[in-house]
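Worksheet for the structure shown next.
Please treat every number below as a calculation from the coordinates, not as lab data. It should be emphasised that the depicted structure is a prediction, and the values quoted were computed from it without experimental measurement. Here the Cβ positions follow ideal geometry from the backbone for every residue, glycine too, while neighbour counts run over all protein chains shown.
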Amino acid sequence: MLTNSERSQLGKLAAHESWGRCTDRAGRTANARAALDQKFLDEASGDPVRAASLRKAHFARLALKSAVARRKARDLTATAVKAESELASLGDPDAA
């Protein structure tokens, strides 16, 4: 039985092999891109200008979520490093 980490690595390996064998990357994702464009157009009741704004808002929202996640990871890492340093100063043999 595989661990979660092993399953994740197996999935990554399969994805890299699949994309490595793909000769038309744009063609492979064309349907997905068209469906996303259609989703925004449907939300905008067929108005391409409003659809473009909805698309920009969608990607801006993704960028914001990404920035928040990066900041959170950076803050957690800094907290962990500080805690390890404090443990090391107290003589913890397991602290780095």
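Okay, here's what the table says:
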| quantity | calculated |
| --- | --- |
| Proximal charge balance of Lys65 [Cβ under 12 Å; K/R count +1, D/E count -1] | +4 |
| Identified option (computed Rg/Rh (Cα atoms, Kirkwood Rh); candidates (1) 1.22; (2) 1.02; (3) 0.95) | (1) |
| Amide H contacts under 5 Å for Ala44, placed H, 5+ residues apart | none |
| Total formal charge among the other residues, if their Cβ is under 15 angstrom from that of Arg55, Lys/Arg +1 and Asp/Glu -1 | +1 |
| Derived scalar couplings ³J(HN,Hα) [the stretch 4-13; Karplus, 6.51 cos²θ - 1.76 cosθ + 1.60; whole Hz; x for Gly, Pro] | 4, 5, 5, 5, 4, 5, 5, x, 4, 4 |
| Span from the the stretch 1-29 Cα centroid across to the the stretch 46-68 one, whole angstrom | 28 |
| Of Ser89, Thr29, Met1, farthest towards positive along the dipole that unit charges on Lys, Arg, Asp, Glu beta carbons give the chain | Thr29 |
| Most to least packed among 36-46, 75-85 [average Cβ atoms within 10 Å] | 36-46, 75-85 |
| Ala44-Asp24 FRET efficiency (beta carbon distance; Förster radius 30 Å; 0.05 resolution) | 0.50 |
| Cα-based Lys pair tally, the chain, threshold under 26 Å, eight or more apart or on separate chains | 8 |
| Pair Glu86, Leu10: separation of 7 Å Cα→Cβ label points (nm) | 4.1 |
